[in-house]
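Report on the following structure.
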Amino acid sequence: MILIHCPYCDEKRAELEFAYAGEAHIARPLDPSALSDEEWETYLFIRNNPRGRHHERWRHAHGCGRFFNAVRDTVTDKFETTYKAGEPRK
Amino acid sequence: MTGYRLPTGGRINRAAPLTFSFDGTSFAGFEGDTLASALLASGVKLFGRSFKYHRPRGLVGSGSEEPNALISVTRGPGRFTPNLRATNVDLYQGMEATSQNRWPSLKFDFGAINDRLGMFFPAGFYNKTFMWPRSFWEKLYEPAIRRMAGLGQAPTDVDPDHYAATYAHCDVLIIGAGPAGIDAALEAAATNKRIILIDEQDELGGGALSDPTLWPWLERSLKALAASPNVQVLARTTAFGYFHDNFIGAVERFTDHLPGIPHGPREKLWRIRAAEVILAQGAIERPLVFEGNDTPGVMLASAAKVFALRYGVAVGQSVALMASHDSGWNDAFAMAGAGVGIAAIIDVRDVVNEALLTKANGLGINVRLGHSVIGVRGRLGVKAISVARNDGTAVSDITCDALLMAGGWTPTVHLWSHSKGSLAWRDDLGAFVPDVPNENVRCVGACAGTWNFGAGVVVDVLPTPKDPARLKAFVDFQNDVTAKDIKLAVREGFRSIEHIKRYTTNGMATDQGKTSNLNGLQIASTALNKPVTDIGLTTFRPPYTPQTFGALAGHAKGALFQPTRKTNIDSWAEEQGAVFELVAQWRRARYFPKAGEDMLAAVNRECRMVRSSVGIFDASTLGKIEVVGPDAAEFLNRMYTNPWKALEPGRCRYGLLLKEDGFITDDGVSARLAPDRFHLTTTTGGAARVLNLMEDYLQTEWPDLNVWLTSTSEHYAVIALQGPNARKVLEPLVEGIDLSAEAFPHMAIREGTICGIPTRLFRVSFTGELGYEINVPSAYGRTLWERIMAEGARYDITPYGTETMHVLRAEKGFIIVGQDTDGTVTPFDAGLDWAVGKKKADFVGKRSLARPDIVAPGRKQLVGLLTDDPNMVLEEGAQIVADPNQPVPMKMIGHVTSSYWSETLGRSIAMALVEGGHSKMGQDIFVPMPGKTHVAKVSSMMFYDAEGARLNV
Amino acid sequence: MSELLARIEPTPAVPFAGNGVTVTSAPPMARFSLRARKATDLEKLLGVSVPQKIGTMQNGVMCLGPDEWLMLAPHGTKIADGSGLSLAVTEVSDRNVAILLEGPRAVAVLAAGCALDFDHFEVGRATRTIFETVEIIVVREAAERFHVEVWRSFAPWLWTAFVTVAAQ
């Protein structure tokens, strides 16, 4: 059970309190109706599956309740960093 | 049979004799014995039968590395534990133990025929032999293999024991309390750190327990640790797994060593988070590989020393040693000093340390250098060994009743490997040792490869003049893998040790290859003519030793298995004899049978009463979310398919929630209480999911909106009052709300009090009747319910359950998300076009409703079904076909999602997802069911009161 | 307003005296979920200072998240609903119930199913977390006294878990 640093609580807490929430930095288009089917498909379905650094979202679901971003290595399962939602990609 | 207990010595308590039974025979031992040492002391050598060939087997080791002596212990009904290592079973008065994997008896085992047929059971024989014909697998091969294979019997009774669990935190966790672990603990104890020291044995000390010269040190050290308030010592505790971020799973055993049925938990699961871990797990001696090395009485030299010096038991009266390492010599000398007769020392090396020779000569031990054991006589126990020079000459026999193996040492790196620390090969040790850590962990003592056992050579298979292709020289005792199996795997083209392991099953037994991995690797290395480091090492995985399911479950058993959520009104339903069903974690009353009623009769009565008078229903489990803030309406407008901004305070609206892929994920009626306050409802099962989805959009897509979401699901008990008499029942109880149809129309909400309690009163209906949903603070749910029951008695008010709720809503064509939808249904598919705001520029999922696949023809659409036979109630989940005469497999065009007997309509009704269903109105479709194919007409889902006349009264 | 109806609570009214720890159902109380972008927005409404740091409690108000506070007050307490302001006040009095743990083994009872390190969870801390599979809020009121908030329908399970460990 990994420990995850919540950037809002500024504490490492047990994975049990957290929920994974998919790849990070995929913003919902401001005007979806302006997108072609292909563009919408890319937004909706196409995700990275890197070996190594992965930008992903977690939610401190049983803690402060906030969604935040993380960089995790998919090989070692180690977190490089976590940062608040809305902050630039790290 | 008493000649094996040494007259003095050991840590057993000779003043406390114990009796026990093994396979029904009575034996004696002492307090401090293990089952293994007590049986050995009684002259028992045969402990079990091997897994595949059913060969007679005795002890190999003295601890958790033991591969052979797997036994079962029974402590009364339900308390049966198979596959225990006899070496780890602490003896208690009255223990009942039995051997395994034999029939009819341990000495005469029918399955031993497998050994004679061994040529037909080479490595990979399961994969090769039972491929064809396929039909034989299920009826013949599998049952036969299952009968013959496997280890102990699985218990069949419910386990009456209970188990504890805890989390723990420490600065330093030390695993293994041998000399290295104790030293590490003493050093850490001097700091102010929190220390946990755990050891799997009943007594701390590890290797020191079989070295009397260390006993004074041990006693002093343990006293010092006991006096350190910052040190927690856990004996009889096995660290079975090492997980991410220094999280260690361990099981502490409380009662298995005690006679009778003790009180309190049997075991405790420790979930330990440590800042630093120190592994002091020691090393395991390696067996040697030669013909007959699995004969009972052939065992590790270190184990024989433990039996002699810790338990005061001689493993034989005349013991020979086969060594490739100095440590065996020293063990033999120590045993000789304890009174064990050492017949001979054979060493594969031509030259050994002079001091060893001098000492052996001084003890009068027959020494053969440059020799190897080439055979063992005796089937159920060693009677003699054949020895030859390494060139195959000078064959001679030595009479002995036990043969010790000293093949060098393997550091116990299991937990290190769980933690994903890397390993480095040490040629001088012939072993992998811990290298680069992946966590904050270090190894000390023998598990780091630092030991003073002396020198040795690494030998894959001892030299022999015999034909290697016919040699029965075992590598993995528990899975019956021989050296020739590994060579065969290499001949058949396997190159990686991971593949060789899986093909031969070497190291895959419950002992996780503790004694076999390195020998297997050496043999593969020789056969492939490649260095060991090119072949790789297999992965060790948790658990280090097998653990009980009970311990892993911890307190999650019985009442604590998982929460059963009950509403405030549930106790009333229970008292009325309601039949319950689980909906998510909620327990809900399904129907309220009266005497003699089955479900159908009860549901029919409940339906009739709602339609004709008034019914009462516990809707407390509905999810509720309070949406508050200046942007509340804007937020809901973006989330739901329909428009929300213009909804007036005091009014309700049906909300349909999609995911961004355009598929329905939830629905519910929501009310606007004030310009900046909404009361949302969700499905029972969807409450947490919907709140999470909304929080996600709010926090990450629209953080600029000033609106906040709060779950109020459990703040309110909800009582649904449905039926033409609902208003009359309510009127005398409510204050501050005008209930008249004009002042309080359908789909409205009012706040006031009921029986003096503040309420949010919804006028809504999931039945098609005049209806109210009364929200009050949860604690008043039951008492209010009982007041309403009393008030409604004159209308024969009828409690109804979820089953009736389902029937009534189906009569009205109201969908249940998750039953009539399955995550691939759009609003259009569900016939809910009316709930989609055509003029809205955007909402969650809108863009997806224009995706090519969503607008393509032929999608499955939700429709009503009316069977030609009105008495036929279709099975929910039944498949639908267009042409019943087509050949099998037929093309399925949909399935039945909901199906009921409708008491109101006097016939069956159903809902179904059917390809192009909306354009099939009035057409026949066919539903093949067991025995008969039924014909049904596609219809509207509005089976009852389509114009809604009953609602607006 | 006179209450005509009786309340029914999900956990026993009688405390459980375990081994070194007492498990008690807290009396009913008023609870308000308070949401705002800044603590000062709430302070204006409530007239008292509220904690700024997530995981702490002050004046009966605990800060659970960057925009979330939970206020505990005597049963029946009413507060302004903040209508028209850029904040959210929602009454959740009956959503939760509280179980109190007191005694030298209070930490042991919590640690049985909660992964927090209570050696580093000082008096005055208050946090949402999880006990096995059940979400709770733990408040350390004193070294050996904890106030545990839990959603009402999970309370019987949590009570059983606590008394089971307390009895060991």
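The values are calculated or read from the model by the stated rules, or taken from the named source; none is laboratory data. It should be emphasised that the depicted structure is a prediction, and the values quoted were computed from it without experimental measurement. Heads up, the Cβs are rebuilt from the backbone with ideal geometry, glycines too, and the neighbour counts pull from every protein chain shown. In case anyone asks, the SASA skips ligands and DNA or RNA and just uses the protein heavy atoms, side chains included. Shrake-Rupley method; radii C 1.70, N 1.55, O 1.52, S 1.80 Å.
Here are a few things to note about the model shown:
- For the peptide B:655-662, the mean number of other protein chain Cβ atoms found within 10 angstrom of a residue's Cβ is 1.
- Positive minus negative residues near B:Phe453 (Lys, Arg vs Asp, Glu; Cβ under 13 Å): -3
- Ranked from largest to smallest solvent-accessible area, with a 1.4 Å probe on the protein heavy atoms, C:His75, B:His934, B:His895 come out as C:His75, B:His895, B:His934.
- Vicinal HN-Hα couplings computed from phi for the range B:664-671 (Karplus, 6.51 cos²θ - 1.76 cosθ + 1.60; Hz; Gly/Pro x): 5, 10, 6, 8, x, 8, 10, 10
- Each Cα pair under 8 Å and six or more residues apart adds its separation to the average, and for chain B the resulting relative contact order is 8 percent.
- Cα long-axis angle, helix B:802-811 against chain B (0 to 90 degrees, to the nearest 10): 50
- Working note: 222 nm ellipticity from helices only, DSSP H runs with n ≥ 4, each -39,500 (n - 2.57), summed and divided by the residues of the protein assembly as shown, gives -5000 deg cm²/dmol to the nearest 500.
- Within the accessible area of the range C:29-91 (1.4 Å probe), percent carbon and sulfur: 56
- When a 1.4 Å probe is rolled over the protein heavy atoms, the share of accessible surface on the range B:13-108 that falls to carbon and sulfur comes to 58 percent.
- Separation in nanometres of the label points that stand 7 Å from Cα toward Cβ, at B:Trp834 and C:Ala80: 4.3
- The range B:623-711 - accessible surface per residue (Å², probe 1.4 Å): 27
- Between B:Met789 and B:Ala741, the FRET efficiency from the beta-carbon distance, with R0 = 22 Å, is close to 0.35.
- With contacts taken as Cα pairs under 8 Å at a separation of at least 6 residues, the range B:623-711 carries a relative contact order of 40 percent.
- The charge dipole of the range B:601-743, taken about its Cα centre with unit charges on the Cβ atoms of Lys, Arg (+1), Asp and Glu (-1) only, comes to about 700 debye.
- Other residues with beta-carbon under 11 Å from the beta-carbon of C:Ile54 carry, at +1 per Lys or Arg and -1 per Asp or Glu, a net charge of 0.
- B:Thr824 versus B:Ser26: modelled label distance in nm, points set 7 Å from Cα along the beta carbon direction: 7.0
- Accessible surface computed residue by residue for the range B:460-541, with neighbouring protein chains in place and a 1.4 Å probe, gives 39 Å² per residue.
- The label point for A:Leu30 and the one for C:Leu4, both projected 7 Å from the Cα toward the Cβ, are 5.7 nm apart.
- When peptides C:146-157, B:298-309, B:736-747, C:127-138 are ranked by their average number of other Cβ atoms within 10 Å per residue, the highest-first order is B:298-309, C:146-157, C:127-138, B:736-747.
- Contour minus Cα-Cα distance for B:Glu597 and B:Val351 (0.36 nm per residue): 79.4 nm
- Nearest-20 debye value, the protein assembly as shown charge dipole, Cβ charges on Lys, Arg, Asp, Glu: 1740
- A straight chain from B:Asp796 to B:Gln576 at 0.36 nm per residue would run longer than the Cα-Cα distance by 77.6 nm.
- Buried solvent-accessible surface, both chains (A, C), 1.4 Å probe, Å² to nearest 100: 1000
- Peptide B:265-274 shows a mean partner chain C-beta count of 2 within 10 Å per residue C-beta.
- Apportionment of accessible area to carbon and sulfur, the range B:254-314, percent (1.4 Å): 60
- At R0 = 22 Å, FRET efficiency that the Cβ-Cβ distance of B:Asp397 and B:Leu363 yields, to 0.05: 0.50
- A full extension of the chain between B:Ser919 and B:Ala748 corresponds to an added length of 58.1 nm, given 0.36 nm per residue minus the alpha carbon distance.
- Listed residue pairs exceeding 19 Å between alpha carbons, taken from B:Lys45/B:Lys514; B:Lys840/B:Lys860; A:Lys84/B:Lys846; B:Lys52/B:Lys107; A:Lys84/B:Lys420; B:Lys645/B:Lys812: B:Lys45/B:Lys514; B:Lys840/B:Lys860; A:Lys84/B:Lys846; A:Lys84/B:Lys420; B:Lys645/B:Lys812
- Under 16 Å from the B:Val583 label point (7 Å along Cα→beta-carbon), backbone N, the range B:677-693: B:681-690
- Ranking by accessible area, most exposed first, for B:Glu66, B:Glu291, C:Glu102 with a 1.4 Å probe: C:Glu102, B:Glu291, B:Glu66
- Cβ-based net charge around C:Glu149, under 11 Å, with every Lys or Arg adding one and every Asp or Glu removing one: +3
- Cβ-Cβ FRET estimate between B:Asp467 and B:Ala154, R0 fixed at 30 Å, reported to 0.05: 0.15
- Take the range C:29-91 with all the other protein chains still there, run a 1.4 Å probe, and you get 41 Å² of accessible area per residue.
- Inter-chain shielding of B:672-678 (mean C-beta neighbours from other protein chains, 10 Å cut-off): 3
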